[in-house]
Structure formats: structure tokens, C-alpha cells
Amino acid sequence: MNPWPRELWRLSTYLIIGLIIGLIIGHPIRVLLFIVTLYLTWHLVNVYRLEQWLQQSGQPPQGTGIWMEIFDRLYHLQKQSRSRKKRLTDYLSRFKESTSAMPDSTVVLNEFGQIEWINKAAQKHLGLLPSKDIGQHISNLLRTPEFFAYIAKGNFDEPLETHPPLNDQEHISVRIIPYGNNQRLLIARDITPLKRLEQMRRDFISNISHELRTPLTVLRGYLETMQNDDELQQTVHWQKSIDVMNQQTRRMQNIVDDLLMLSRMETEQRPTKQEEINIAEMLQTIQSAALALGEKGHEKQQKIIIEADERLQLRGNRTELYSAFSNLVFNAVHYTPNEGIITIRWYRDDSGAHLSVLDTGIGIAPQHISRITERFYRVDTGRSRETGGTGLGLAIVKHVLQRHQGQMRIFSQVNRGSTFTCDFPLKQTIQRQALTNVAS
Ligand code: ADP
């Protein structure tokens with residue numbers, strides 16, 4: 001209910017009574033002034049009581065008139081805010097209890113990246129101490145170059161894999177989640193067992209590939225001898241069997257070679273031998289090999305066009321880049337029918353240098369595109385085997401590009417063709433002057 005009409009009514013009544021008394025005794029102004037002074041004094045006394053109460057809290061003072069209303073409302077608001085505060089404190093302590101019990105390290109950072117709170121796991125795994133480290137900037141404590149770069153980049157969509165500050169034998173995956181008022185939650189998970197498992201898988205594949213290499217070489221040697229044996233060749237039945245065996249052992253050898261290449265790339269962080277490569281020249285070699293491949297296997301009359309910037313060179317590992325680019329071009333040959341056109345482009349623009357392989361082939365349906373760089377993922381297994389594919393080609397391309405700070409984009413339409421584009425940052429390239437060969 002609005003208290004003001006009552007208060008105004010009360011004041012008017014006092015003033016009217018004062019005026020009547022004033023008129024009776026012959027001093028209306030003085031009596032009115034006296035009443036106004038009394039009214040003001042009453043307000044001042046209540047303001048004083050309010051101020052005292054706000055300082056000491058506790059029960060509100062007893063008021064009359066409008067002041068009774070004011071004290072009641074303030075008391076009500078005070079009670080409400082107390083219970084909200086209690087609820088928030090309960091939430092906070094429950095949040096702290098649950099995050100304290102979490103096995104993942106949790107660190108609350110303020111808008112400046114300074115530590116506000118840490119849980120027990122963060123103390124154990126990241127070596128942070130509440131007494132010493134609260135208020136410190138997080139990058140003063142997690143001092144790894146990868147973490148600096150991660151924070152500087154400011155893009156926390158993907159987690160960062162790094163080592164905890166006190167132990168470079170262990171691995172952690174760090175995630176930063178922005179929340180609230182520019183605050184951030186840092187969550188670090190111990191991924192050492194996962195990394196060990198990955199390492200075991202890599203070692204297993206690498207060992208098994210090495211072990212298979214020798215028996216395969218022996219088998220191929222014998223099969224070649226049998227292929228050259230005139231007596232056997234005269235038997236139609238044997239001739240066919242030997243051809244199939246030869247074909248299959250070659251396929252197995254290709255798989256083993258591709259697996260070995262992949263596991264070597266996984267073990268070495270960066271390509272060992274980096275040099276300046278004339279990509280236009282490399283593309284000519286690949287073009288000849290691709291034409292031979294097209295003619296040999298399928299009598300395809302495809303056109304392979306090269307549009308390359310001859311002055312644009314790329315810094316990298318020759319063997320790896322040859323393998324990546326030839327895989328893309330050979331795929332284009334395999335998955336493009338007779339008389340199709342394959343265009344290989346090598347150029348640069350403001351965003352970097354690009355190698356793209358365009359074909360007018362069978363294309364890839366959208367649901368496969370995100371998966372075709374996985375190992376052994378094929379859209380059509382039968383067709384891939386027919387063409388001698390290992391299912392590892394695009395996985396190799398992806399790895400090679402990652403090791404050259406590049407990435408691959410795929411655009412494809414079923415029955416119209418595909419475009420595979422490899423993007424490299426400009427810092428990986430060198431622009432040569434035409435003919436003179438001087439760095440620009
Ligand atoms: P594969 O040895 O089977 O060619 P890749 O890893 O090179 O293995 O390619 C994976 C799959 O992607 C292929 O099996 C094929 O289905 C598809 N693919 C690759 N390149 C092309 C292309 N240019 N056109 C159509 N499909 C392609």
C-alpha cells in the first residue's frame with residue numbers, strides 16, 4: 001500500500017490545526033513555523049535512528065508514520081539479501097567441495113589471468129600452493145612455451161596438451177573455459193596413461209611393420225623368380241596364381257611402407273631434413289608418374305594440367321612433400337574416369353601458398369569428407385583395393401601438412417569431382433626472382 005497519501009494527510013491536518021490555533025491566538029505564521037520545525041525534527045530523529053541501525057544491524061527501530069513503512073521495507077530487504085547471501089555461500093561451498101574432490105586440476109582465474117582459487121588436484125599435479133600462488137598470473141606458474149602460445153592465441157576451443165610444470169614425464173590436457181564476468185576456469189586432466197597407451201600402439205604398429213618387411217621381401221623375390229620361370233609360365237593355372245600373389249604381396253608391401261612412414265612421422269616431432277623445394281619441378285615429376293600410372297593400370301586417357309608459379313618455393317622435407325602431393329594426384333587419377341581432367345595448381349595469395357588438385361572424377365559424398373583422412377577409411381573399399389590403394393594415403397597427407405604448419409581443405413561433389421587443397425603459411429615459402437634466383 002502507498003504510505004504517501006496518509007503521510008500528506010497527516011501533515012495537512014497538523015498544519016490546518018496549527019493555522020486555526022494561530023488565528024485564535026493571533027500568530028498564525030509563528031504557530032505554522034513551530035509545527036514545521038517539529039515535523040522536521042521528527043524526520044531528523046528518524047534519519048539518525050536509521051543511520052544507527054544501518055551501522056549496527058539487528059532489529060529495526062520502531063517508527064511511526066512513513067518511517068514505520070521505511071523501516072519495515074528496509075528490514076524486509078535486509079532479510080532477503082541475507083538469505084540470498086547464505087544461499088550463494090552454500091552454493092559456493094558446495095561447488096568448492098565438489099571441485100576439490102574432482103580428480104582434475106581446477107583453477108579459477110580472474111579477468112587478468114590471476115589465480116583466485118585452486119583445488120586439491122591442482123596443488124598435487126600442477127604444484128600450485130594456495131598460500132603462495134593465489135594472486136599470481138597463471139603463466140608465471142605454468143611456464144611452458146606451448147602454454148604461453150596457447151594463452152597468447154586466446155582461442156580455447158581445443159584443449160592444449162603439455163607437461164605439468166614439475167614433471168616432464170607426465171602429460172596433461174589443459175582446457176580453459178570462460179565464464180561469468182570475464183573469469184576463466186582452467187581444467188587440467190592427467191592424460192599420461194592415455195599417452196602411454198598411444199605410444200604402445202605406435203610401437204606395436206612400427207614393430208609389426210618392421211617384422212613383416214623381411215618376409216615380404218623374400219616372398220616377392222621368390223614370386224619374381226617364379227614369374228620368370230618359363231616352365232611355370234606355360235601352365236595357365238600357375239601363371240594366373242603367380243600374378244595374383246604378386247599383386248597381393250605388392251599391396252601388402254605398400255601398406256607396410258605407408259604404416260612405417262606414418263609411425264616415423266609420429267615419432268619425430270619435426271621433419272629432420274628441411275630444404276628449399278622447387279614445387280613446380282616436383283609437380284612435373286609427379287605428372288609423369290601419374291600419366292604412367294593412368295596408362296599402366298587402366299588405359300585412361302586423362303589430361304593432367306599443371307598451373308604452377310615457378311618462382312614460388314616451399315621450405316620443407318622433400319620426401320614427405322613428394323609423398324603427400326603424389327598421393328593426392330594419384331588419388332585423382334584413380335578416382336577419375338577416362339578422359340577426365342586433373343588440374344594441379346601451385347600459387348600464393350595473401351593468406352598463404354596453396355597446392356590444389358582438382359579432378360572431374362566420382363567425387364565424395366558429404367558424410368564421408370570429415371572421415372576420409374582417418375587410417376583405412378575408404379568410401380568404397382572394393383574400388384580402393386582395385387586401384388591398389390592402402391587406405392592410408394590421405395592420413396599421410398594430413399600428417400605431412402601438419403609437420404609443415406599446413407592444413408588440408410576438401411571440396412567435393414558426387415559425380416562432378418573433388419578439389420583437395422593444401423594450405424601453407426607464407427613463412428614456409430620463398431619467392432625467387434625470375435631467372436636470377438635471388439631471394440626477394
Ligand atoms: P586409398 O588408398 O584407398 O585411396 P586414401 O587415404 O588415399 O586411401 O583415400 C581414402 C578414401 O578417400 C579413398 O578410398 C576414396 O574413397 C576417397 N578419395 C580420395 N581421393 C579421392 C578423389 N580424388 N576422388 C574421390 N574419392 C577420393
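The values are calculated or read from the model by the stated rules, or taken from the named source; none is laboratory data. Since the structure is predicted, the reported quantities are computational estimates derived from the model, not experimental observations. Backbone-built Cβ (ideal geometry, glycine too); neighbour counts: all protein chains shown.
For the reader, a short list of remarks on this structure follows.
- ILE255 falls short on exactly one of the conditions (1) of a type in the set (A, V, I, L, M); (2) at pLDDT below 95; (3) under 29 Å from the mean Cα position of the chain (by Cα), and that condition is (3).
Per-residue answers, yes or no, for (1) surrounded by fewer than 15 Cβ atoms within 10 Å (Cβ to Cβ); (2) assigned by TED's automatic domain parsing to the domain that holds PRO165; (3) farther than 16 Å from ALA188 by Cα:
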residue: GLU97; (1), (2), (3): yes, no, yes
residue: THR106; (1), (2), (3): no, yes, no
residue: LEU129; (1), (2), (3): yes, yes, no
residue: ASP133; (1), (2), (3): no, yes, yes
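- Failed item, numbered, when ALA149 is tested on (1) loosely packed, with under 10 Cβ neighbours inside 10 Å; (2) closer than 22 Å to PHE112 by Cα: (1)
- Residue count for the range 328-368, restricted to those that are of a type in the set (Asp, Glu) and in contact with a helix residue (DSSP H, G or I) (Cβ under 9 Å, 6 or more places away or on another chain): 2.
- Any hit, the range 167-182, residues being surrounded by 12 or more Cβ atoms within 10 Å (Cβ to Cβ), among the hydroxyl-bearing types (Ser, Thr, Tyr) and farther than 20 Å from ASN140 by Cα: no
- Hits in the range 381-418 (condition: crowded, with 18+ Cβ neighbours inside 10 Å and of a type in the set (Ser, Thr, Tyr)): SER384, THR390, SER412, SER418
- Boolean, VAL333 is within 8 Å of the ligand (Cβ to nearest atom), outside any loop (DSSP other than H, G, I, E, B) and at negative phi: no
- Residue check for GLN227: surrounded by 13 or more Cβ atoms within 10 Å (Cβ to Cβ) and polar (S, T, N, Q): yes
- Of all the numbered requirements in (1) surrounded by fewer than 21 Cβ atoms within 10 Å (Cβ to Cβ); (2) within 15 Å of the ligand (Cβ to nearest atom); (3) among the hydrophobic types (A, V, I, L, M, F, W, C), ILE306 misses one, and that requirement is (2).
- Residues considered: LEU74, LEU50, LEU88, LEU126. Of these, the only one that is within 29 Å of the chain's Cα centre (by Cα), at pLDDT 85 or above and among the aliphatic types (A, V, I, L, M) is LEU126.
- The residue that is nearest to ILE177 (Cα to Cα), counting only those in the range 76-133 that are in contact with a strand residue (DSSP E or B) (Cβ under 7 Å, 6 or more places away or on another chain) and among the charged types (D, E, K, R), is GLU111.
- Members of the range 358-382 found to be within 7 Å of the ligand (Cβ to nearest atom) and more than 27 Å from the chain's Cα centre (by Cα), listed by number: ASP359, GLY361, ILE362, GLY363, ASP380
- Unique residue being more than 13 Å from the ligand (Cβ to nearest atom) and more than 21 Å from TYR322 (Cα to Cα) when the list is GLN407, GLN433, GLN402: GLN433
- Enumeration of residues in the range 296-319 that are modelled with pLDDT of 95 or more and out of contact with any strand residue (DSSP E or B) (no Cβ under 8 Å at 6 or more places or on another chain): none
- Restricted to the range 344-440, the set of helices (runs of 4 or more DSSP H) holding at least 1 residues that are hydroxyl-bearing (Ser, Thr, Tyr) and in the same structural domain as LEU312 (by TED's automatic domain parsing) comprises 381-386.
- Among the residues listed as LEU312, LEU355, the single one being surrounded by fewer than 21 Cβ atoms within 10 Å (Cβ to Cβ), in contact (Cβ under 8 Å) with a residue 40 or more places away in the chain and more than 10 Å from the ligand (Cβ to nearest atom): LEU312
- Restricting attention to the range 383-400, the residues being within 21 Å of ALA290 (Cα to Cα), under 27 Å from the mean Cα position of the chain (by Cα) and of a type outside the set (Lys, Arg) number 8.
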